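Heads up: the structure comes next, in structure tokens.
The values are calculated or read from the model by the stated rules, or taken from the named source; none is laboratory data. Everything quoted here is computed from the prediction, not taken from an experiment. Neighbour counts are summed over all protein chains in view; Cβ atoms, including those assigned to glycine, are modelled from backbone coordinates with ideal geometry. Calculation scope for accessible area: heavy atoms of the full protein, side chains included, ligands and nucleic acids excluded. Shrake-Rupley method; radii C 1.70, N 1.55, O 1.52, S 1.80 Å.
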Amino acid sequence: MRLELSDLKEIQTLYDGGLYLKAFEKSKAFGPLSAWEGPEAMVLAGRLAGNLGGDRLAQKLFVRAHRRWPGHPKTKAYYVQYLLGRRGPLEALRCLQSCPDGKDIDLEDRHYLLCQRAEALGRFRDFDRAHHWLDLAEALDPRHPWQPVIRAAVFEWQDRYEEALAQCNLSLERKPYYRPAIQTRAHLLQILNRDEEAMQTLAEALDRIESGRLAHFLGGIQLSNELLDAAERSFERFEALSPLLDAKEKPVIAALRGRVAYLRGDFETAARFYETQKDERCKMFAARLREPVSAPHRKVIDVPFERQHHMTCVPATLTMISRRWNMPADHLAVAEEICVFGTPAHSERHWAETHGWVAREFTVTWEATVALIDAGIPFTLTTGDVMQGHLQAVVGYDRIAGALVVRDPYQYYL
């Protein structure tokens, strides 16, 4: 069905207010989202699908709209968004070279295209040019809430987290309960070790808007803090707010509920959830859950999170381990001392041995891990591939899963 802008007005208003379920109910009068025709209609259908759990449907609609109307600025903008997520910033910049230009383009589309160019450049760490394009977007529409969200992302890539957080606050001043700003703000609070504020931000927003993404995010933070009842409620809300959840994504809900049951010690319920997964590792885990466990099955040492900067995984991990033992260490001071476009292993050892530690290298085996963790000693683990290495802290083990529990200096979750 081909829809005109007048047909979409009420749905667009509900969407802009974050009332995605209500917008979806209104949309049913015009048939399934996948059948909508017209550039504006197809893009709105994709945006709505993406906020209702239908990420794959959203991507299909953005690609289809661009193929049919490649010169339309709105289809171009959302196709570039697809490229950034699926194929990376180089393909996005190539696509933007053919971007329509001119004052006859809708103000919001021009603003969005400028921000996307900035995001692609930011991903390449070309920060000066990224901020230049963001300045142009700001001058074009000084009250739009989207530009500060992208500038927050660029500041995060620059390891300027407090400035990034300030940009999210600016976006929310311009448009309260703006879903992208809420989500980015909670993420930044989380990596700044301000979990309570992150959860409060998400919970307050969920009282006002209908976002499965925010409910899923809130449940993840609650789960990491072992607020299991609250996490379960958040995951239930995620499912209720995601009526278009892809068939391939639905097992995610079962896995999350299985995780909650497992951490509660309800192994039978957890096993039932994990048995529904197609992943063979999940099925093996479900089988292990039904085997008797003689020793304590899980132990985790409390090691605080420290967010690494660009290529500073070693200093951040050394700082986390040091704080576990109340030893003085400052992430950026360590980085200044031992980092040169990454950190050689001998520099890591030299820093440890000259700052009050005894350093020993060993092969990480299950037996060695259990012995160290049982003694209350977390340790660093180097993982590597042909081109690079990465340092993390091993802070625990899980006998049933047969897994190490790792504190990564970049990804917040254990």
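Quick notes
- Between the listed residues Cys339, Leu57, Leu391, the Cα displaced farthest toward the positive end of the dipole of the chain, a dipole computed from Cβ unit charges relative to the Cα centre, is found at Leu57.
- Long pairs among Lys60/Lys250; Lys22/Lys278; Lys250/Lys278; Lys60/Lys283; Lys76/Lys250, criterion Cα-Cα beyond 22 Å: Lys22/Lys278; Lys60/Lys283; Lys76/Lys250
- Here the range 203-361 is assigned +1 on the Cβ of each Lys and Arg and -1 on the Cβ of each Asp and Glu. Its dipole about the Cα centre then comes out at about 500 debye.
- Modelled FRET efficiency - R0 56 Å, Ala166 with Arg272, Cβ distances, 0.05 increments: 0.75
- Note that the chain presents 50 Å² accessible area per residue, ligands and nucleic acids not counted, probe 1.4 Å.
- Glu348, Glu40, reordered so the largest accessible area comes first (probe 1.4 Å): Glu40, Glu348
- Förster-model FRET efficiency, 56 Å R0, Ser34 and Trp366, C-beta, rounded to 0.05: 0.70
- A DSSP coil position with no more than 10 other Cβ atoms inside 10 Å describes the following trypsin sites (Lys or Arg not before Pro) in the range 74-154: Lys103, Arg143.
- Counting only alpha carbon atoms, the long axis of helix 179-191 and the longest principal axis of the chain meet at about 10°.
- Degrees, to the nearest 10: 228-240 long Cα axis against longest axis of the chain: 30 degrees
- The range 111-146 versus the range 323-383: alpha-carbon centroid distance in Å: 39 Å
- Degrees, to the nearest 10: 146-157 long Cα axis against longest axis of the chain: 30 degrees
- Rounded Å value of the spacing that divides the Cα centres of the range 2-42 and the range 236-288: 32 Å
- Comparing Met327, Thr317, Phe127 along the charge dipole axis of the chain, the residue lying farthest to the positive side is Phe127, per the Cβ-charge model.
- Carbon + sulfur, % of accessible area of the range 260-321 - ligands and nucleic acids excluded, 1.4 Å: 55 percent
- When shorter helices are ignored and each DSSP H run of at least 4 residues is given -39500 (n - 2.57), the per-residue value for the chain at 222 nm works out to -18500 deg cm²/dmol.
- Distant-in-sequence amide H partners of Phe379 (H built 1.01 Å from N, under 5 Å): Val394
- Put Ser6, Ser242, Ser98 in order of accessible area, highest first, and with a 1.4 Å probe you get Ser6, Ser98, Ser242.
- Listed values (1) 20.5; (2) 24.5; (3) 22.0 include one computed from this model; for mean projected area of the Cα convex hull in nm² that value carries the label (3).
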